[in-house]
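Every number here is computed from the coordinates shown, using simple stated rules; none is lab data. No experiment lies behind these values; they were computed from the predicted model shown. Cβ coordinates were reconstructed from backbone atoms using ideal geometry, including for glycine residues, and neighbour counts include every protein chain displayed.
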């Protein structure tokens with residue numbers, strides 16, 4: 001799996017949007033961009049994934065740059081429950097490989 | 001929504017003992033995985049399993065580890081002779097439908113403590 005770069009940590013205020021960036025300059029044409037998160041004391045949880053086009057689901061939106069070298073996970077209205085480690089992963093194949101992710105702190 | 005379930009939630013064992021961690025993947029899934037997370041560190045891939053055999057494994061998954069799908073529902077990870085450094089959270093995951101990018105569904109893990 002190709003390498004991604006994420007900030008170690010970010011803070012956001014409750015009820016405000018959060019934009020979590022991810023750089024993946026060495027992405028190949030077949031790599032899908034996946035986002036997972038890990039809430040405290042829980043297993044990782046799938047958030048969203050995409051290939052080229054922007055994607056929306058009930059949890060978040062994924063904005064993918066036109067050259068696919070970066071992407072942004074958007075939480076539209078953060079809640080305290082969104083405090084977690086967020087992982088941006090390039091996937092080409094079945095298994096996924098986790099990096100260190102971004103620890104998101106939500107301020108009440 | 002279907003879930004991956006893992007038992008026990010916490011297992012304490014003595015060094016040198018064998019331990020079996022159990023998982024029930026989502027019923028129609030075809031691919032199964034074990035990951036581990038040492039306290040304060042990142043989640044690490046151990047092994048993937050498909051069609052009753054290991055499809056991929058990491059360097060961590062040495063001869064002390066084995067996996068099995070003994071029946072149609074369970075997926076187990078065995079550590080033959082536990083070491084102190086095996087203490088970690090162990091997560092089981094599954095995905096299916098044959099699409100390589102289908103999301104992995106993770107259980108909430110088994111905390112293994114080796115004393």
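General remarks:
- Region A:57-105: C-alpha gyration tensor shape, a/c 1.5 cut-off, then a/b vs b/c: oblate
- Simple label model, 7 Å out from Cα along Cβ direction - residue B:83 to residue A:16, nm: 4.7 nm
- Peptide A:89-98, shielding by other chains (average Cβ, 10 Å cutoff): 6
- For A:38-50, mean number of other protein chain Cβ atoms within 10 Å: 5
- Among beta bridges that DSSP assigns inside chain B, antiparallel share in %, nearest 5: 90 percent
- Gyration tensor (alpha-carbon) shape descriptor, region B:1-80, a/c threshold 1.5: rounded
- Value of D in µm² per second that Stokes-Einstein yields for the protein assembly as shown, Kirkwood Rh from Cα pairs, at 25 °C (0.890 mPa s): 135 µm²/s
- Report note on the peptides B:105-113, A:45-53: ranked by the mean count of other C-beta atoms within 10 Å, highest first, their order is B:105-113, A:45-53.
- Inter-probe distance in nm under a simple model that places probes 7 Å from Cα toward Cβ, at residue B:3 and residue A:9: 3.0 nm
- Of the peptides B:32-41, A:10-19, the order by per-residue mean of other Cβ atoms within 10 Å, starting with the highest, comes out as B:32-41, A:10-19.
- Inter-label distance, nm, simple model (7 Å from Cα along the C-beta direction), residue B:12/residue A:100: 3.3 nm
- Chain B: relative contact order as a whole-number percent, Cα under 8 Å and 6+ apart: 38 percent
- Range of Cα positions in region A:1-72 per principal axis (Å), largest first: 35, 24, 22
- With a 10 Å cut-off around each Cβ of B:42-52, the average count of Cβ atoms from other chains is 3.
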